[in-house]
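The values are calculated or read from the model by the stated rules, or taken from the named source; none is laboratory data. Nothing here was measured: the structure is a model prediction, and the numbers come from that model. Neighbour counts run over all protein chains shown; Cβ positions are idealised from the backbone, glycine included. Keep in mind that these areas ignore ligands, DNA and RNA; they rest on the heavy atoms of the full protein, side chains included. Shrake-Rupley method; radii C 1.70, N 1.55, O 1.52, S 1.80 Å.
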Amino acid sequence: MSRARGHGVEIENEDALLTPPRLIIRPEEGGFPHLAQRPRLVLDPKVGDPPQDLEGGMSGYWLVSGRLKKAFTEIDSDAFEFVECDYRLPDGTEGPTYYLCEVARELDAVDEEASKFRVNVDGGYPGGKFYDLRGGASLAFKREVVGDSHVFRSPYSGDLVFCDRMFRDAIRGAGIGSDRETRGLRFKDAFRI
């Protein structure tokens, strides 16, 4: 089930949270900058619906519900950073708890020799290369690098986040995200991208 309009939540005080010359809150190197105030979310029902458990594109971060934050931290707490937001509904009342979320763990864990995908090499990419997964790909990971991690980013995959099956199953077991009702979470098997 998908929503045609998307969410109608905006960060009302985004300008006060920026670190010039950045046009989004998230620094180029990732993480959270020092924020002089808490992000203030407002819902405009003319723009869209209330947020799902996960919404992307919030000034470089994910927006996650309180229950998704709880599930994330119970499964792999070291993989994430969060900043709590103030959220107001259209009538001015306090809304449910939401957080800006960053996948903070970055691992160079893709086994390039055992995987099937294109590697674009160019000095303009961070680290000098980019994993192009368009048109079909199959990824293998280095177990010795991944270790006990359940969630991580690759330095060469942009905003793509990788998780293991245990993480996916635990999130679904918490009642969040299924094939019919994603709640903003979309899982795709890295063996068959």
Return the residue satisfying two criteria in turn: it lies in region 80-113 and is out of contact with any Asp or Glu (no Cβ under 6 Å at 6 or more places or on another chain) and among the small types (Gly, Ala, Ser), and of such residues it is surrounded by the fewest Cβ atoms within 10 Å (Cβ to Cβ).
Gly92
Name the residues in region 164-177 that are open to solvent by 40 Å² or more (accessible area, probe 1.4 Å), part of a loop (DSSP other than H, G, I, E, B) and not charged (D, E, K, R), would you?
Ala174, Gly175
If I filter region 15-32 for residues that are assigned to a strand (DSSP E or B) and either aliphatic (A, V, I, L, M) or modelled with pLDDT under 95 (or both), do I get at least one hit?
no
Please give the number of the condition Gly8 fails out of (1) open to solvent by 40 Å² or more (accessible area, probe 1.4 Å); (2) touching a Pro at 6+ places or on another chain (Cβ under 8 Å); (3) at pLDDT below 90.
(1)
Within region 121-163, work out how many residues are farther than 14 Å from Glu106 by Cα and either of a type in the set (Val, Ile, Thr) or open to solvent by 50 Å² or more (accessible area, probe 1.4 Å) (or both).
10
